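The values are calculated or read from the model by the stated rules, or taken from the named source; none is laboratory data. Here the structure is a predicted model, which is why all the values come from computation and not from measurement. As a convention, Cβ positions derive from the backbone with ideal geometry for all residues, glycine included, and neighbour counts pool all protein chains shown.
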Amino acid sequence: MASSSPAAASSAVSSALPTVAIVGRPNVGKSTLMNRMLGRREAIVAEQPGITRDRKEMPARWQGREFTVVDTGGWLPQGAGDNASMDAKVSAQSERSMDDADVVVMVVDSQAGITGDDEGVAGQLRGREGPVFVAVNKVDDVAHENLVWEFIRLGLGDPFPVSALHGRGVGDLLDAVMAALPEEPAEADVERKSDAGMVSVSIVGRPNAGKSTLFNRLIGDDRSVVHDQPGTTRDAIDTVVNTELGPIRFVDTAGMRRRARIDQAAEYYSLLRALDAVDRSDIALLVIDATVGITHQDQRLAERVDGAGCPIVVLLNKWDLLDTEAREAIVLDIDRRLHFLGEAAVLRVSALSGKGVNRLLPELRGVIAEYQRRIPTQAVNRVLRDAQAAHPAPDGARVLYATQGAADPPTFTLFANRTLPRTYLRYLERRLREAFDLGSVPVKLRVRRRSGE
Ligand code: GDP
Ligand code: GDP
């Protein structure tokens with residue numbers, strides 16, 4: 001199986017979008033990772049090997065940013081062993097598409113360790129000017145994570161543990177890749193946010209948490225629905241609703257409108273959809289079924305929302321069904337399992353009866369006001385990238401990606417590969433302060449290790 005054609009990658013990448021090339025020897029999981037990066041249903045369905053073989057370039061998006069993924073496919077001819085002169089084997093086309101790419105992701109197989117071919121590929125990449133990331137694939141669970149460090153020997157920086165098959169770690173990898181892409185044509189981030197001043201809100205949560213019930217309660221009657229708009233994903237529909245805060249776009253509501261229910265999506269699809277919706281929204285409402293408690297998927301969603309720099313409002317739904325004991329238990333659970341959300345609002349509601357739902361819009365008003373005073377994520381990353389280029393942190397420490405988590409006081413969350421010295425943080429703080437005219441306002445920096453909690 002696997003990428004066997006030596007003549008793989010298509011020639012010049014013509015689109016104006018930044019490009020990310022996936023390289024590596026056959027069978028390490030390049031296509032699986034590519035599918036995962038595309039993150040769309042069509043790609044997921046095509047998970048059987050072979051089906052995506054002939055696709056070399058695919059449009060993708062992450063953090064609201066569009067880019068092209070290029071599968072360089074055949075680094076090696078079929079049957080090539082772990083040896084010999086790599087140079088001779090690398091096809092001119094593969095090489096060109098690598099050269100053209102803005103960022104290269106080299107995929108290796110954690111379970112196989114470093115092979116001669118991996119070393120060959122890494123050798124080629126070390127000479128490259130642009131950023132290169134090593135994705136150590138098939139790290140399907142925590143137990144495999146220690147296999148990762150061996151790959152530091154490739155000399156391409158800290159490896160990223162991922163499981164292309166299960167999606168594990170792919171978000172972190174993409175965050176870093178996005179931060180390394182060249183500057184985006186200025187307005188994209190602004191556009192995502194405003195769309196003529198309209199705020200986008202996604203309602204996410206596990207199947208059955210009560211998202212549709214909540215949404216229908218929010219729109220009250222159909223007269224408040226202004227219009228439907230196709231979203232970016234093929235069957236996504238956004239609904240623009242008139243509220244007392246003005247029109248709000250609710251993202252990907254295809255499955256939520258009365259009489260318009262689509263089939264209950266599998267938990268897995270629904271997660272993918274939710275992630276896409278989060279990327280397209282300014283604020284996320286995380287609906288949790290309080291009778292079930294805070295599940296692993298709720299945590300993952302919350303982490304993703306948080307990582308995307310998207311403010312979150314947590315709704316503990318079905319509050320009506322809980323007795324006093326259960327109510328106390330879930331409040332504790334929030335602190336324990338969603339502690340990284342910091343001061344996010346938590347509302348106890350019953351979408352079914354409407355109880356507590358009236359507190360949502362006032363809450364949103366505050367979040368929106370705060371959000372509109374924030375500096376676009378791309379701009380924050382640009383400043384940090386320049387600051388780090390001018391004056392790198394010691395010992396290879398690096399901020400991979402950052403977002404402004406709150407406006408008052410300005411609070412930036414930095415995702416770093418390791419601990420950053422205090423003096424260095426002060427330097428970054430100074431640069432942010434200068435770049436954004438923050439004057440003497442206290443600026444808070446939160447540093448999170450990329451590998452997460
Ligand atoms: P490519 O030749 O590099 O494009 O590799 P493929 O994407 O075709 O994957 C090669 C094999 O590895 C397939 O059988 C995949 O199902 C498997 N694979 C890919 N990613 C993972 C992963 O994260 N974990 C595990 N356990 N297997 C994976
Ligand atoms: P979705 O899959 O997240 O869109 O969930 P639905 O909105 O379809 O709700 C799933 C089930 O939970 C339905 O039977 C709803 O009537 C029920 N439900 C939703 N919200 C509440 C609530 O606040 N209280 C109670 N008791 N049931 C609710």
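Below is a table of values for the structure above.
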item: Filter result (assigned to a loop (DSSP other than H, G, I, E, B) and surrounded by 24 or more Cβ atoms within 10 Å (Cβ to Cβ)) within segment 285-309; result: ALA290
item: Any pair with Cβ under 9 angstrom, 6 or more apart, that starts in segment 318-336 at a residue that is over 23 Å from SER212 (Cα atoms) and more than 14 Å from ligand 2 (Cβ to nearest atom) and ends at one that is modelled with pLDDT of 95 or more and charged (D, E, K, R); result: VAL331/ARG348
item: Of all residues making up segment 330-353, the number that are more than 29 Å from the chain's Cα centre (by Cα) and loosely packed, with under 14 Cβ neighbours inside 10 Å; result: 1
item: Inter-residue pairs, beta-carbon under 9 Å, first closer than 10 Å to VAL108 by Cα and in segment 128-154, second more than 16 Å from ligand 2 (Cβ to nearest atom) and of a type in the set (Lys, Arg), 6+ apart; result: ASN137/LYS30
item: Meets criteria (at pLDDT below 90 and farther than 19 Å from LYS444 by Cβ) for GLU325; result: no
item: Of the criteria (1) at pLDDT below 90; (2) under 21 Å from GLY64 (Cβ atoms), which one LEU384 fails; result: (1)
item: Residue tally, condition touching a strand residue (DSSP E or B) at 6+ places or on another chain (Cβ under 9 Å) and either modelled with pLDDT of 80 or more or surrounded by fewer than 19 Cβ atoms within 10 Å (Cβ to Cβ) (or both), over segment 255-269; result: 1
item: PRO376, sole failed condition from (1) in contact with a helix residue (DSSP H, G or I) (Cβ under 6 Å, 6 or more places away or on another chain); (2) within 16 Å of ligand 2 (Cβ to nearest atom); result: (2)
